[in-house]
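The block underneath contains the structure these notes are about, expressed in structure tokens.
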Amino acid sequence: MTGQRLEIVRSAERLAAVGPAWTALWREAGALVFQSHAWVSAWWATAPDRERRGLLVVLAWRGDALEAVLPLATCKRAGLRLLEWAAKDHADYGDAVLAPDAAPGIVQRMWDHLSQAGGFDLVYLNRLLPDAAARTLLDPTAQGGVFLRPNHRSEASLRVAGPWPTGKAWFDAQSKKTRQNYRRGQKVISDRGALTSRLLPEGEPLAPILDRLAGFKRAWLAENGLESNLYDEGAPALAALVQVLAETGLLRAFVLECDGAVVAVSINFVQAGTMMAFVTTYDPAFERGSPGMVLMMDYIQWSIDHGLHTVDFLCGAEAFKSRFATHSVTLDSVMGTRTLPGAAALVLDRCNRTVQELRRRYVKPAPGDAHQAEAAA
């Protein structure tokens, strides 16, 4: 197309240089914060394993104006260069960013350009919303680069949305047991000190809150045998990402306090009339009072009272989310290969899936071995 120029950003220096143009496009497009230049840059600057990662951000320019961004990066795993969304580990939804008047087929042209340039073996793009612009890459009639096809892996995003005019109306619509559990939780916590639930005002220092949040998360991860470098002591990523939310004016941080001490935190942000819950956690010492549940019910009511039409719990179908969710959105994924090693890895992945399916269908667990059979599947 006349005047169109495609570029692949591979260095931190070039990533910084395109910041103003990317940010202007992001605001014009109304894209999610996960696809913003600030978010991707914060991730890249704080990634603890950057030596095994590489930037492959595709830009489409129309003259001096940025028309589209395909924010991608590679990660080395088992000797393969896996192409995925930039900041994937901290982004609940992945997609391209397009100007409202972007040329038709621009995403496909960007993909073709990257396919020819190479630098990756295997592609895995996940967490695609139903209306994601990147879904155009699945059109078999338009594909000219690395062929992408739907992958069997999917995730769920649970949401709260309904006709309630006020937060109290939503609360009153909950089951009797849910309302009782909420009030019981409040009482259990308040028996140990004055209970306060509040939205952090703009300008209140975030560092003490984030330190408490990370400590709660580390305790939970250790108890469940899990790991996440986002919450490692002294790790800079969490603070950097939350700072992005604060600087863009999107941040809504809610805390539950007992005698001034934080016992639950929810780092949320608001976009497009939706409250999005990025991280929610609580002090395990107060578990009997279900502080996480109490705070969730508080910010749901706050959201409705402030005119938001949806509360989005983002990626993951955990039980504590399904307790309040009114509907679920499926997040799809796609895969593709560019090299023979990548193709071999994809074949192995499909073989493993076939074996798992056969086990589920035909292998009857022996008495007492149901748990082992389930784990193997």
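Structure above, values below:
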item	result
Which numbered condition residue 201 misses (of (1) assigned to a loop (DSSP other than H, G, I, E, B); (2) over 30 Å from residue 339 (Cα atoms); (3) touching a helix residue (DSSP H, G or I) at 6+ places or on another chain (Cβ under 9 Å))	(3)
Members of the range 133-159 that are surrounded by fewer than 19 Cβ atoms within 10 Å (Cβ to Cβ), among the aliphatic types (A, V, I, L, M) and within 30 Å of residue 304 (Cα to Cα)	156
In the range 255-271, residue farthest from residue 92 (Cα to Cα) [restricted to those that are over 19 Å from the mean Cα position of the chain (by Cα) and not small (Gly, Ala, Ser)]	259
Cross-chain or 6+ apart pairs with Cβ under 6 Å, the range 307-331 first and among the basic types (Lys, Arg), then modelled with pLDDT of 95 or more and buried (at least 20 other Cβ atoms within 10 Å of the Cβ)	321/158; 321/313
Total residues in the range 43-80, condition touching a residue at least 60 places away in the same chain (Cβ under 8 Å) and buried (at least 20 other Cβ atoms within 10 Å of the Cβ)	4
Residues of the range 187-231 satisfying the condition of being closer than 19 Å to residue 285 by Cα, at pLDDT 95 or above and aliphatic (A, V, I, L, M)	188, 189, 194, 195, 209, 210, 213, 214
Qualifying residue in the range 117-130 (condition: closer than 30 Å to residue 80 by Cα, of a type in the set (Ser, Thr, Tyr) and surrounded by 11 or more Cβ atoms within 10 Å (Cβ to Cβ))	yes
Test: residue in the range 169-191 that is under 24 Å from the mean Cα position of the chain (by Cα) and on the phi < 0 side of the Ramachandran plot	no
Residue ID - farthest from the chain's Cα centre (by Cα), chosen from residues in the range 145-167 that are closer than 20 Å to residue 346 by Cα and assigned to a loop (DSSP other than H, G, I, E, B)	145
Residues of the range 1-42 that turn out to be crowded, with 20+ Cβ neighbours inside 10 Å, out of contact with any strand residue (DSSP E or B) (no Cβ under 7 Å at 6 or more places or on another chain) and not in a helix (DSSP H, G or I), as a count	1
Some residue of the range 253-266 being under 26 Å from residue 158 (Cα atoms), assigned to a helix (DSSP H, G or I) and touching a helix residue (DSSP H, G or I) at 6+ places or on another chain (Cβ under 6 Å)	no
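The values are calculated or read from the model by the stated rules, or taken from the named source; none is laboratory data. Treat the numbers as computed from the prediction; the structure is a model and nothing was measured. Note that each Cβ is placed from the backbone with ideal geometry, even for glycine, and that neighbours are counted across all protein chains shown.
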